[in-house]
Each structure stands twice: as structure tokens, then as C-alpha cells.
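Below: the structure, in C-alpha cells.
Computed from the coordinates by the stated procedures, all read-outs in this text should not be read as laboratory data. Everything numeric here is computed off the predicted structure, so don't read it as measured data. With ideal geometry, Cβ positions are generated from the backbone for all residues, glycine too; neighbour counts draw on all protein chains shown.
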Amino acid sequence: MTTPMLEIRDLTVRIEEREILKGVNLVVPKGEVHAIMGRNGSGKSTLSYVLAGKEDYEVTGGEVLLDGVNILELEPSERATAGLFLAFQYPIEIPGVATMTFLKAALNAKRKANGEAEMSTPDFMKAVKEAGKALHIDSDMLKRALNVGFSGGEKKRAEILQMALLKPKMCILDETDSGLDIDALKVVSEGVNALRSPDRSMLVITHYQRLLNHIVPDVVHVFSDGRVVESGGKELALELEAKGYAGFDEAAA
Amino acid sequence: MHVPVRLGPAELKLIDQLTAAGAVAEAERLSGAGLPTRRVEAYHYTDLKQLLRTVPELAAAATEASVPALRVAGAYQLMIANGVVQETGTAPAGVIVGKAAGGVLSTRDDVVTRLNMALTKECLTLDLDGSVDPVIQIDRRTEGAAGHSTSAAKIFVADDSSAVIVETYAGSEQAHLGNHATYLALGKNAKVTHITVNLAAAKATHFASNEYHLAEGAQLRTLIINAGAALSRTQLFPRYEGAGAHADITGLNLVSEGQHADITMDALHAVPHTSSKPLFKSIARGRSKAVVQGRLVVARDAQKTDAKLMSQGLMLSDEAEILCKPELEIYADDVVCGHGSTCGQLDEDSLFYLTSRGIAKADAETMLVRAFLAELVDPIEDEALNEALTAVIEGWLAGK
């Protein structure tokens with residue numbers, strides 16, 4: 001059996017005294033797109049933050065293997081250069097940091113970690129322009145400070161642009177559909193679909209089925225009360241939509 | 001009954017120096033009042049009686065010069081070393097350089113300015129007319145063994161003229177006491193950028209007082225950087241004296257372990273229709289203290305004054321202290337005046353976002369600190385000057 005891209009084993013996580021993740025088990029093989037669906041407060045976003053290495057959470061047990069390597073002891077920046085990427089539900093606005101400066105720093109950090117030379121400015125500009133075209137990102141947007149004054153749709157497109165540039169092997173998309181109208185949802189989904197590849201896996205976190213009409217997953221996991229309670233094919237999402245989450249709560253109990 | 005003030009060694013030395021300079025009235029004044037303590041409002045966070053423990057001998061004439069602390073490519077260089085105005089080469093078009101006897105500041109009830117006036121023997125004079133092209137740099141040094149030196153410059157910028165002036169304060173690595181003064185008068189519609197960079201020696205004490213006079217329509221931008229000296233205090237006295245006068249008074253305290261830096265502004269909006277936007281920032285790391293005080297006085301007739309005072313602090317360690325105090329004294333009834341202050345650490349969410357993209361934590365921190373400072377440095381249009389100032393800030397960030 002080949003090594004899965006992401007393997008989560010019995011992951012338990014606390015924030016202060018409250019246990020939020022209660023033994024998560026999940027395997028995403030290479031090249032597959034998996035969806036996690038669950039209601040608000042079920043721990044989905046916590047899972048995404050814990051995978052990316054946010055400090056506020058205390059991991060009390062379990063392992064997370066990225067391409068066979070345990071990443072729980074790594075800094076967020078090391079996880080990123082190892083190929084993990086989290087598209088934020090609410091991308092952070094950072095006044096005073098130019099978008100292009102940020103993109104270049106991120107790209108070169110990754111190249112440095114891989115033992116590659118820094119990208120020249122013309123090559124970098126070309127790469128950004130190319131990646132931006134498909135996402136309808138114009139140069140005006142890139143001239144602004146990072147995410148500052150971006151609309152909801154612009155922020156999400158900027159996240160996908162970063163993903164396209166950094167070429168991660170494991171992408172986590174946290175509620176990427178939130179705050180998007182139907183047109184923006186289409187652009188973002190097309191951007192994500194264009195990045196699907198046999199060498200790249202994705203974990204799409206959402207609580208609506210509609211995103212999964214655009215980004216069609218190989219496997220759907222239902223998340224409830226801090227753990228995966230059921231897994232199945234894409235039709236599971238439709239079942240959820242019809243029955244609601246209540247039908248799956250027993251499994252969690 | 002009047003209780004006599006107990007004088008410490010610093011005060012006694014200053015009194016001796018004043019007496020020797022023939023400033024008997026000032027010597028008596030200091031004997032009576034002593035150096036200001038925290039009970040004096042303007043020195044509330046910079047208690048000079050506590051902080052200034054020793055005063056070195058008055059500096060003798062400089063015999064050697066250390067390397068310039070700041071090089072601005074293409075600038076016209078002037079130098080005052082140990083209070084003595086140095087000879088210079090040919091002045092650029094529109095610049096008349098001279099010297100005059102005595103100090104330059106207006107009389108006020110402030111010990112730092114009074115000491116400067118009493119002890120300064122000569123001042124540099126600059127008359128600027130037209131659009132002065134090169135940046136003018138006034139390089140002030142205290143050289144040789146630890147010494148007490150005072151210096152002064154008086155600058156007139158003619159109506160409709162423009163200039164960029166940068167002043168630097170540095171010298172040999174000794175426990176100097178430097179006390180420097182600038183009088184800068186802007187004629188009608190004059191446009192001036194005035195930058196001061198305190199790069200005084202690590203053990204030094206640095207005082208600077210800048211008095212600004214703005215005539216009708218004059219536009220001033222300042223950037224006051226306190227990066228050197230163990231103890232520093234820069235005092236700003238802007239006077240808005242003509243309708244349409246406007247100033248962006250900006251300042252920056254950069255303090256590390258053991259440093260105490262103070263920027264204190266006392267502004268007077270004297271006539272109707274003037275505006276100002278004072279913006280002060282402080283970054284403190286290690287056990288250090290940064291002080292920002294801003295006083296805005298709006299005269300009875302100065303209707304339609306528009307003034308917004310802001311202070312922002314960034315604390316990079318648990319032992320750092322940033323102390324801010326606004327004082328608004330408004331006698332007119334139709335004005336827009338406000339003040340605000342923020343103080344905190346680097347934003348954790350921003351740091352996480354940057355590091356989650358692969359940027360190492362230390363680099364992400366530097367990016368955020370640069371972002372915090374961009375508002376002050378970006379408006380400096382002269383490229384060479386902007387680069388030189390950026391280098392000072394980057395040097396500080398790198399811990400030099």
C-alpha cells in the first residue's frame with residue numbers, strides 16, 4: 001500500500017479545559033479530494049487550525065502524518081514548506097504588507113526549504129500574472145496591502161492564488177464557500193479544480209452541500225462532536241442535505 | 001514656607017557650568033528649582049532629577065571626527081562639532097549658510113531649552129530660497145572624551161520655497177550629554193520635510209528641541225527618530241501662525257534594553273484654519289521605556305482648527321514600557337480636535353497567517369514591524385533619504 005498523503009490517527013485536542021476533537025481518524029490517499037461536512041461547532045475548523053499548527057490548541061493525543069511524516073512537532077512555517085496549505089475561512093487583513101511582497105516571501109521561503117534558488121523578480125511577476133488570470137485577479141488587486149479592502153470573493157480568490165503559486169501537496173480548504181455569491185463560487189471552484197492532480201490531495205471543509213456540486217469529492221466524511229462519524233461516497237453529501245445532521249448524531253453518541 | 005530643593009551632583013555641575021558661562025540668572029533659577037521631577041507635568045514620565053545623575057565637563061573643541069552616522073547620497077553636508085559650526089564647501093543654489101552668536105529658541109519655562117540658550121555660543125544659520133534641490137544634512141556631533149555640548153541651528157525657508165532637511169546626532173562612543181536646538185521658520189506656502197535622527201552613543205544622554213513656525217499655507221512634515229542614547233528626549237514646539245498652515249508631525253521611538261526615549265510635543269494653533277496630524281510610534285524591546293506626550297493648545301481665536309493626535313506602541317517584550325499622554329487645551333469653540341492611542345504586541349492571527357504560508361516566524365515578525373512603520377517612512381519621497389532611514393530602522397530591527 002502506498003503512503004497516504006494525510007493520515008490522522010486518534011487525534012484529541014483541547015482548548016483550555018474543553019475537549020474539542022475527541023479521537024479523529026481520517027485517511028486521505030494521494031490525489032484524492034475528501035470533504036468534511038458537519039454543523040457549526042462540530043470541530044471542523046479546529047481540525048484545520050490544528051493541522052496548520054495554530055498555537056491556541058493543545059494536542060492531547062494522536063498523530064498527524066503528512067506523506068508519512070509526523071507534523072505535530074513542526075512549526076506552522078515548516079508544515080507549509082513541507083507541502084501543507086490551509087485556505088482560511090477568514091483570510092487575515094494585514095495593512096502595510098504589500099500583497100506582492102508577501103507572495104514573494106512565501107514563494108521564496110518554500111524554494112529555500114527545498115534547496116532551490118530564489119525566483120527572479122521577472123519570473124515571479126510572470127508566475128503571479130499567469131496564476132492570477134484564471135482567477136480573475138487583476139494587477140490593481142495585487143498592488144493593495146494583503147487582503148486589505150478585499151471583498152469576500154477577492155479574499156477567497158487570493159487564497160486560491162497562493163495555493164496555485166505554492167503548489168502544496170495537501171490543501172485544506174476551510175469553508176471556502178462562505179461569503180461567496182454563486183458567480184464567485186464558480187470562479188473559486190474552477191480555480192480549485194484546476195489544481196487537482198494525482199500528486200495533490202485536498203480536504204474540503206464545508207457545512208453546505210452546494211460547494212460539493214462544484215468541487216466533487218471522492219469521499220465525504222461526516223463530522224460530529226469532535227470526530228468522524230460516517231464516511232462514504234459523494235452521495236453521502238446529498239443524504240446529509242436531505243436528512244440534516246440530526247440523523248447522524250446517534251452515531252456520535 | 002519655601003523648602004530649599006536638595007541638589008544632586010548633576011544639578012551642581014550644571015550650576016557651575018552656567019555660572020562659568022556668565023549665565024548667573026539661569027544658575028540661580030536652577031539652584032532654586034532643581035531639575036524637573038515627575039511632579040512637573042511636562043516631565044511626568046521623564047523625571048530628570050532621577051534619570052540625569054551625572055553631567056560631563058563642557059566639551060572642548062573637537063580635534064577629530066568620527067565617521068558620519070548616516071550617509072545620504074547626494075546631500076549637502078553641514079557640520080556642528082562640539083557646538084562649533086564647521087566650515088563648509090560651496091553652498092548649492094538657493095542656500096545661504098552663515099553663523100551667528102548665541103542660541104535660537106524662544107524663551108519658555110523649560111530647563112532643557114533654557115540650558116541650551118544659556119550655554120550655546122554660536123548657531124548655524126541657513127536661509128533657503130526657491131526649490132532647494134539637494135537634501136540638506138546637518139551633522140551634529142559630540143566628539144572626543146565624554147563632554148557636555150550644546151548646539152543650535154536657525155533655518156528660514158522663504159515664501160513659496162521647498163526643502164528637505166535631515167539632522168543627525170552622533171559622535172564618539174562616550175557618555176556625552178548633548179543638548180541641541182533647531183529653529184525652523186516656514187514662509188508662506190513653503191513646503192519642508194524635517195527629519196531628525198538621534199544616533200547618539202549608547203551611554204550618552206541626548207536632548208533636542210525643535211521649534212517650528214508655520215506661516216500662511218506652509219506645509220511641514222517631520223520624522224523624529226530616537227534610536228540612540230541611554231536617555232533621550234526630543235521636544236517639538238510647532239506654532240501654527242497663518243491660515244492654511246498644516247503639519248504632519250511624525251515621530252518614532254526605537255528603544256532596546258536599558259534605553260529611555262521621550263518625544264514630547266507642545267503645539268500651538270494660534271490662528272483660525274490651521275491643521276495638524278501628529279502621529280507618534282514607539283517600538284520597545286528588552287527592559288526599556290518609550291514616552292510620547294502630545295499637548296495641543298488651540299487659542300481662543302483659532303476657530304476651525306483641525307488636529308488629530310495619535311500614538312501607537314508596539315511592545316516586543318514583557319518588560320518593555322510605553323507611556324503616552326495627550327493634553328488638549330482648547331479655548332476656541334468651533335474646532336475638530338481628537339486624540340487616540342493604541343498599544344500592544346504583534347498580532348497573533350497575522351503572525352499565524354504569514355507563517356502558515358511558509359514564512360519563518362522571525363521573518364514574519366520583521367514583516368509586521370515594517371508594516372507598522374511603513375506609514376512613517378513611505379511619505380519620505382527622496383529616494384536616497386528614504387533608503388538611509390530604512391537602513392537605520394532595519395539596523396535596529398537586526399539588533400545592531
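Would you kindly derive the ³J(HN,Hα) couplings of the range A:32-48 from the backbone phi angles with the Karplus curve 6.51 cos²θ - 1.76 cosθ + 1.60 (θ = phi - 60°), listing them in order in whole Hz, with x for Gly and Pro?
My calculation for the range A:32-48 gives 9, 10, 10, 10, 10, 10, x, 6, 4, x, 7, x, 4, 5, 4, 4, 5 Hz in order.
Taking springs between alpha-carbon atoms closer than 10 angstrom, which of B:Thr142, B:Thr113, B:Thr342 fluctuates most in the Gaussian network model of chain B?
B:Thr342
Of the residues B:His176, B:His273, B:His260, which exhibits the maximal mean-square fluctuation in a Gaussian network model of chain B defined by a 10 Å Cα contact cut-off?
Largest GNM mean-square fluctuation: B:His273.
Which is farthest toward the positive dipole end of the protein assembly as shown among B:Val166, B:Gly217, A:Leu72, measuring Cα position about the Cα centre, with Cβ charges +1 (Lys, Arg) and -1 (Asp, Glu)?
Checking the options against the dipole of the protein assembly as shown, the answer is B:Val166.
Taking Rh as the Kirkwood radius, which is the inverse of the mean 1/r over Cα pairs, what is the Rg/Rh value for the range A:117-253? Intermediate values should be presented prior to the final figure.
Details: Rg = 17.3 Å, Rh = 16.6 Å.
With Rh from the inverse mean 1/r over Cα pairs, Rg/Rh is 1.04.
Just to confirm my numbers, what's the Cα centroid distance between the range B:157-222 and the range B:125-142 in Å?
That distance is 10 Å.
Using θ = phi - 60° and the Karplus relation 6.51 cos²θ - 1.76 cosθ + 1.60, list the HN-Hα couplings for the range A:238-243 in order, rounded to whole Hz, with x at every Gly or Pro.
Those phi angles translate into 5, 4, 4, 4, 6, 8 Hz.
Relative to the Cα centre, what is the charge dipole magnitude of the range A:111-225, using +1 at the beta carbon of each Lys and Arg, -1 at the beta carbon of each Asp and Glu, and rounding to the nearest 20 debye?
320
Just check the range A:72-188 against the gyration tensor rule for me: Cα atoms, a ≥ b ≥ c as the square roots of the eigenvalues, rounded for a/c under 1.5, and otherwise prolate or oblate depending on whether a/b exceeds b/c. Spell out each step's value before the answer.
Working: a/c = 1.69, a/b = 1.24, b/c = 1.36.
Oblate is the answer for the range A:72-188, as a/c is 1.5 or above yet b/c matches or exceeds a/b.
What share of the DSSP beta bridges in the range B:81-181 is antiparallel, in percent to the nearest 5?
Values: 8 of 27 bridges.
Rounded to the nearest five, the antiparallel share is 30 percent.
Counting other Cβ atoms within 10 Å of each Cβ, which trypsin sites (Lys or Arg not before Pro) in the range A:40-139 have at most 16 and sit in a DSSP loop? The partial results should precede the final answer.
Working: sites: A:Lys44, A:Lys54, A:Arg79, A:Lys104, A:Lys110, A:Arg111, A:Lys112, A:Lys126, A:Lys129, A:Lys133; in loops: A:Lys54.
Here no trypsin sites (Lys or Arg not before Pro) fit, given the DSSP loop and packing criteria.
At 222 nm, what helix-only mean residue ellipticity would chain B give, in deg cm²/dmol to the nearest 500, using -39500 (n - 2.57) for each DSSP H run of four or more?
Values: 7 runs with 75 residues, N = 400.
Mean residue ellipticity, 222 nm, calculated: -5500 deg cm²/dmol.
Rank these for me by crowding, A:Leu238, B:Leu309, B:Leu397, going from fewest to most other beta carbons within 10 Å.
Neighbour counts put them in this order, fewest first: A:Leu238, B:Leu397, B:Leu309.
Between A:Glu230 and residues 5 or more places away or on another chain, which pairs have amide H atoms under 5 Å apart, with H built 1.01 Å from N, and which residues are they?
A:Val222
As a check on your grasp of the helix formula, calculate [θ] at 222 nm for chain A: sum -39500 (n - 2.57) over DSSP H runs of n ≥ 4, divide by the residue count, round to the nearest 500. It would help to have the intermediate numbers written out before the result.
On the way: 10 runs with 98 residues, N = 253.
It lands at -11500 deg cm²/dmol.
To the nearest 20 Debye, how big is the dipole of chain B about its Cα centre, given +1 on the beta carbon of each Lys and Arg and -1 on that of each Asp and Glu?
Using only the charged Cβ atoms, the result is roughly 900 debye.
Given R₀ = 30 Å, FRET efficiency for B:Glu319-B:Thr54 by Cβ-Cβ distance, to 0.05? Present the calculation step by step, with values, prior to reporting the outcome.
Working: r = 25 Å, r/R0 = 0.83.
That gives a FRET efficiency of 0.75.
Taking the Cβ of B:Met79 as the centre, find all other residues whose Cβ is under 14 Å away and add up their charges (Lys, Arg: +1; Asp, Glu: -1). The partial results should precede the final answer.
Working: positive: B:Arg71, B:Lys99, B:Arg140, B:Arg141; negative: B:Glu64, B:Glu87, B:Glu122, B:Asp139, B:Glu143, B:Glu167.
In short, -2.
Along the range B:43-51, what does the Karplus equation 6.51 cos²θ - 1.76 cosθ + 1.60 (θ = phi - 60°) give for ³J(HN,Hα), rounded to whole Hz, x for Gly and Pro?
Per-residue couplings from phi come out as 10, 3, 9, 10, 6, 5, 4, 6, 7 Hz.
In chain A, if the dipole is taken from +1 on Lys/Arg beta carbons and -1 on Asp/Glu beta carbons about the Cα centre, which of A:Val228, A:Val28, A:Leu240 is farthest to the positive end?
A:Val28
For the range B:97-234, what does the relative contact order come out to in percent, with C-alpha contacts under 8 Å and a separation of six or more? Could the numbers behind the result be given before it?
On the way: 396 pairs, mean separation 29.7, N = 138.
Taking the mean separation of contacting Cα pairs over the length of the range B:97-234, I get 22 percent.
Around B:Glu143, which amide H atoms from residues at least 5 apart in sequence, or from another chain, sit under 5 Å from its own amide H, with H modelled in the peptide plane?
B:Asn82, B:Ser172
For chain B, just say rounded, prolate or oblate: build the C-alpha gyration tensor, square-root its eigenvalues into a ≥ b ≥ c, call rounded for a/c under 1.5, and beyond that prolate if a/b exceeds b/c, oblate if not.
Values: a/c = 1.21, a/b = 1.13, b/c = 1.07.
It comes out rounded by the Cα gyration axes.
For chain B, what relative contact order do you get, as a whole percent, if you take Cα pairs closer than 8 Å and at least 6 residues apart? All intermediate terms of the calculation are to be shown ahead of the outcome.
Values: 1076 pairs, mean separation 37.3, N = 400.
RCO, chain B: 9 percent.
Going toward the positive end of the dipole of chain B, with +1 on Lys and Arg Cβ and -1 on Asp and Glu Cβ, which of B:Thr19, B:Ile155, B:Ala384 do you reach last?
B:Thr19
Taking every DSSP beta bridge that has both residues in chain B, what percent is antiparallel when rounded to the nearest 5? Let's see the in-between values first.
Details: 9 of 136 bridges.
Percentage antiparallel, nearest 5: 5.
Would you calculate the separation in nanometres between label points at B:Glu383 and B:Ala332, each defined as 7 Å from the Cα along the Cα-to-beta-carbon direction?
Between B:Glu383 and B:Ala332, the label points sit 4.1 nm apart.
Compute the whole-percent fraction of alpha carbon pairs in the protein assembly as shown spaced more than 43 Å apart.
39
Amide H neighbours of B:Leu296 under 5 Å, at least 5 residues apart or on other chains, H built in the peptide plane: list them.
HN-HN under 5 Å from B:Leu296: B:Ala267, B:Glu327, B:Leu328, B:Glu329.
Which FRET efficiency value, to the nearest 0.05, do you get for A:Glu16 and B:Glu257 by plugging their Cβ-Cβ distance into 1/(1 + (r/R0)^6) with R0 = 35 Å? Numbers along the way, then the final one.
On the way: r = 34 Å, r/R0 = 0.97.
The calculated FRET efficiency here is 0.55.
How much net charge surrounds B:Ala23 when only other residues with a Cβ under 12 Å from its Cβ are counted (Lys, Arg +1; Asp, Glu -1)? Walk me through the numbers on the way to the answer.
On the way: positive: B:Arg29, B:Arg114, B:Lys121; negative: B:Asp16, B:Glu26, B:Glu28.
For residues surrounding B:Ala23, the net value is 0.
Taking the DSSP beta bridges in the range A:6-252 as the whole, what percent of them are antiparallel, to the nearest 5? Kindly include the intermediate steps, with their values, before the conclusion.
Numbers: 25 of 43 bridges.
Antiparallel bridges: around 60 percent, rounded to the nearest 5.
For A:Arg210, B:Arg140, B:Arg295, which order do you get if you count the other beta carbons within 10 Å of each Cβ and list the fewest first? Intermediate results must be reported in sequence, preceding the final value.
On the way: A:Arg210 13, B:Arg140 28, B:Arg295 19.
The fewest-first ordering by Cβ neighbours comes to A:Arg210, B:Arg295, B:Arg140.
Over the C-alpha atoms of chain A, what are the Rg and the largest Cα-to-Cα span, Dmax, in Å?
18.0, 57
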